Amino acid sequence: MRAMFESLRVPVVAAPMAGGPSTPELVAAVARAGGFGFLAGGYLTAATLSDQIHKTRETAGETFGVNLFVPGVRSMVNVTPYIERLRGDAERYGVEPGPGRWDDDGYAAKLDLLVDERVPIVSFTFGTPVASDVERLHEVGTRVSVTVTTPAEAREAAAAGADMLCVQGFEAGGHRGVFDDDPTQDAGGALLGLLAALRLVRAETDLPLVAAGGLVHGADVAAVLTAGAVAAQLGTAFLRAEEAGTNATYRAALDAAGRDTAITRAFSGRPARGLENRFLRENSANAPASYPQLNNITKPIRAAATAEGDPEAMSLWAGQTYTHARTAPAATLVDELAAQAREALAATSRRLG
Ligand SMILES: Cc1cc2nc3c(=O)[nH]c(=O)nc-3n(C[C@H](O)[C@H](O)[C@H](O)COP(=O)(O)O)c2cc1C
């Protein structure tokens, strides 16, 4: 794994972004530009993920990874009050709230697929895979990465056999990777900034670390490499790449750059950072820690808002630095990040003498 990421021409990783933004085209474009990209297996069926893997392989060869959501423990929280709360919203968009049911995102079938496909790297978020699943992947030559937000999670992932860790700071767009969503904390767990998290995790393990959260400029890439990361993983910076599947309303909201970001459980029941909109403001304080029940409940509302082009009830995931991301071909973004990183490191070397 260390060799794999250390041999990248550009130590930039396009984050897995479930829900549409990650596409085979994006992953392939980043790979061709010298970086590395992840397909997002979350929410997809095994069949769709299989198609995406084949499509990616056609152009990216073996320079790609796939990300999965680790299923959590089924929460016993009563979600009926949240469903009732959303009836007005649902009516506004002419739909019914979805069923508040738990599911495991088809995890077993997707894991079987990844074992069959011998994908180069599989990354996991929302928890650590059990050691026997890690072994199955190792047996077919796949390397395993786990997203962590604290030193304790890093210890757990290392104990399960992870080959690499993705250290995610609270700046990050999208869902926090917290293993167990602590309902007593708004962000589901400790809010460590990326540099602090890297330092604390490094003290726990010698595993290669990939850094994620709020990185949008080559100088940020240089900063995390200096702090000991083997590569920088960027999500929001690629959301408006031409090859990304980000829909037009979402792109326009990012482009307008007029909103703050906030961490909320309102859309899915798990803490995630996105652009503030009406739905987030009205429901965050009442959303229980119940994933994926809330994700299933809000799905028809989010889908209807998306179909209407209304950003006020869509989950507009974005990291803290989203205003600095821009529209361009992914290769241009990767080239720029590489040039900026080199420049920043040269300037830092001169500064230190
Ligand atoms: C739209 C979006 C979707 C995301 N989906 C996933 C996902 O499916 N799996 C995952 O591990 N991380 C996901 N993330 C989090 C990223 O892996 C990464 O931690 C984050 O993008 C880094 O912060 P940044 O967005 O400020 O670059 C997502 C992030 C965004 C913005």
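Observations, loosely collected:
- Any chance ALA31 is touching a residue at least 60 places away in the same chain (Cβ under 8 Å), among the aliphatic types (A, V, I, L, M) and away from the ligand (no atom under 16 Å from the Cβ): no
- Residues located in region 138-159, provided they are more than 16 Å from the ligand (Cβ to nearest atom) and either among the hydroxyl-bearing types (Ser, Thr, Tyr) or buried (at least 18 other Cβ atoms within 10 Å of the Cβ) (or both): THR142, PRO151, ALA158
- Answer residue from region 1-28, given it is of a type in the set (S, T, N, Q) and modelled with pLDDT of 95 or more and is nearest to the ligand (Cβ to nearest atom) among those: SER22
- Every listed requirement among (1) over 26 Å from VAL221 (Cα atoms); (2) in contact with a helix residue (DSSP H, G or I) (Cβ under 9 Å, 6 or more places away or on another chain); (3) within 15 Å of the ligand (Cβ to nearest atom) is met by THR48 save one, (2).
Each row is one residue, and each column tells you yes or no for (1) crowded, with 23+ Cβ neighbours inside 10 Å; (2) among the small types (Gly, Ala, Ser); (3) touching a Lys or Arg at 6+ places or on another chain (Cβ under 7 Å).
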position	(1), (2), (3)
GLN293	yes, no, yes
ARG302	no, no, no
THR321	no, no, no
HIS324	no, no, no
ALA330	yes, yes, no
ASP335	no, no, no
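- Close pairs from region 186-199: first part of a loop (DSSP other than H, G, I, E, B), partner hydroxyl-bearing (Ser, Thr, Tyr), Cβ under 6 Å, at least 6 apart: ALA190/THR150
- Hey, PRO311 on the phi < 0 side of the Ramachandran plot and within 15 Å of the ligand (Cβ to nearest atom) or not: yes
- Condition check for THR63: more than 21 Å from the chain's Cα centre (by Cα) and free of Cβ contacts under 8 Å to residues at least 60 places away in the same chain: no
- Only residues that are within 16 Å of the ligand (Cβ to nearest atom) and part of a loop (DSSP other than H, G, I, E, B) were counted across region 88-129, and they come to 9.
The values are calculated or read from the model by the stated rules, or taken from the named source; none is laboratory data. Small disclaimer: the values here were computed from a predicted structure and weren't measured. Positions of Cβ are backbone-derived with ideal geometry, glycine not excepted, and every protein chain shown enters the neighbour counts.
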